[in-house]
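Each value in this text was obtained by applying a stated rule to the coordinates, not by laboratory testing. What you are looking at is a predicted structure, and each value in this text was computed from that prediction instead of being measured. In this analysis, Cβ positions are derived from the backbone assuming ideal geometry, glycine residues included, and neighbour counts consider all displayed protein chains.
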Amino acid sequence: MVSKPAAVVEVGDVIEGGIVPGDVEKTIEALKEAVNSKIPIIGLCDANNETKYVDLVIPANNKGRRSLAVVYWLLTKEYFKAREDSEKLENFKMEIKEFEATL
């Protein structure tokens, strides 16, 4: 028998008005300000990150450009799904490489 979590957090609920730092260690001041302002924080965290200021942890390799691009691309698609914005979801033609930072 599979147990269900007590509360399920929808990505769209947290992203709306929240912040999604790519690396919580490098944005600690922004995280502290978000906590003081009661802004939800979704953290892309690997095994080495401190998560005490993070409301929702997404396990991810947050050190690689390609990895971050994939996560941000997926979050964007899921955000449109959660908002039930079918027009934007149908017109979503962006590719992962467009989310990748350039050197």
Is segment 11-96 best put as rounded, prolate or oblate by its Cα gyration tensor, with a ≥ b ≥ c the root eigenvalues, rounded for a/c under 1.5, and otherwise prolate when a/b is larger than b/c, oblate when not? oblate
Each label point is 7 Å from the Cα along the Cα-to-Cβ direction; what then is the distance between the points at Ser86 and Ala30, in nm? 3.5
Listed with the fewest Cβ neighbours within 10 Å leading, Val24, Val35 appear as Val35, Val24
Amide H contacts under 5 Å for Tyr53, placed H, 5+ residues apart: none
Percent relative contact order for segment 33-77, counting Cα pairs under 8 Å at least six residues apart, stands at 28
How far is it, in nm, from the label point at Lys97 to the one at Leu56 when both lie 7 Å from their Cα along the line to the Cβ? 3.0
